[in-house]
Amino acid sequence: MAQARVSARINVMLLVFCVLIHYKIASATTYTVGDAAGWTFGIQSWPTGKQFHAGDILVFKYNKNVHNVIVTDENGFKACNTATGQKFISGNDQIKLKKGQNYFICSTPGHCAGGMKMAISAA
Ligand SMILES: [Cu+2]
């Protein structure tokens, strides 16, 4: 009898666990950066008014012959330093947001300085 009760409790715990896991997956949102315009100049204001969360996916769509995406840090973002960071070049890149600040720049000469840079804060 006691054993059945323990087993029932474990089942409830498993159920709660599954619901939580499911909610976590379901709550991730996919965004196309820049909407129809894609990842390009003037992108800096695109994140304004949006609520991003860690695990959300950003899809960067751009002409790969002209642009790219570098995931950088605050210093790289401010100085448009393209020497470090992870580089994406497919023209259709999916990048998952991490908790805190996320920084993206384009390494084509002059592009970051010309405004092809974006900072996103993820909760
Ligand atoms: Cu560019």
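Considering segment 18-123, the qualifying strands (runs of 3 or more DSSP E), each wholly inside and each with 1 or more residues that are in contact with a Phe, Trp or Tyr (Cβ under 9 Å, 6 or more places away or on another chain) and more than 16 Å from the ligand (Cβ to nearest atom), run over 30-32, 57-61, 92-96, 100-105, 117-122.
Counting only residues that are touching a residue at least 40 places away in the same chain (Cβ under 8 Å) and closer than 14 Å to Gly110 by Cα, segment 58-86 holds 4 of them.
Filtering segment 106-123 to residues that are without any contact (Cβ under 8 Å) to a residue 40 or more places away in the chain and at positive phi leaves only Gly110.
Read-outs: derived from the displayed coordinates by stated rules, not from any lab. Please read these numbers as outputs of a predicted model, since none were measured by experiment. Methodologically, a virtual Cβ is constructed for each residue, glycine included, from the backbone with ideal geometry; neighbour enumeration extends over all protein chains shown.
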